[in-house]
1. Provide the per-residue ³J(HN,Hα) series for the stretch 12-20, in order, calculated from phi with Karplus coefficients 6.51, -1.76, 1.60 and θ = phi - 60°, each as a whole number of Hz, with x at glycine and proline positions.
2. I need the phi-derived Karplus couplings for the stretch 25-32: 6.51 cos²θ - 1.76 cosθ + 1.60, θ = phi - 60°, integer Hz, Gly and Pro marked x.
Amino acid sequence: MSKFKRWHTLEWTNLRIDAYIACNGICWGCGGRVTAKKFSVDHIKPRSIGGKDQLYNLRLMHRTCHEARHGKPTMTPMQYIYRATVDERMN
Ligand SMILES: [Zn+2]
């Protein structure tokens, strides 16, 4: 299954919602509140080393915090925090 398709399955959507609820809407990365409209779900054990798409292996993160965790440093850490805060206010 392609990566694109995986993100659009009902199973994955349900898992994302479960992870949101399990994490009380709090970002694992920065501890801030995460809007339910747009958020990322991080694999605690990465899929690349066998981590499963199971609730116990998932945690809620802001998209910006998730990008930062996966080493795409297009911004400084302070810029990520600022952007996550702005994202919150926009929703
Ligand atoms: Zn965050």
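Any read-out appearing in this document is the output of simple, stated calculations on the displayed coordinates, not a laboratory observation. Model, not experiment: these values are computed from the prediction.
1. The phi angles translate into 5, 4, 5, 4, 4, 5, 4, 5, 4 Hz.
2. Each residue's phi maps through the Karplus curve to give x, 10, 6, 5, x, 10, x, x Hz.
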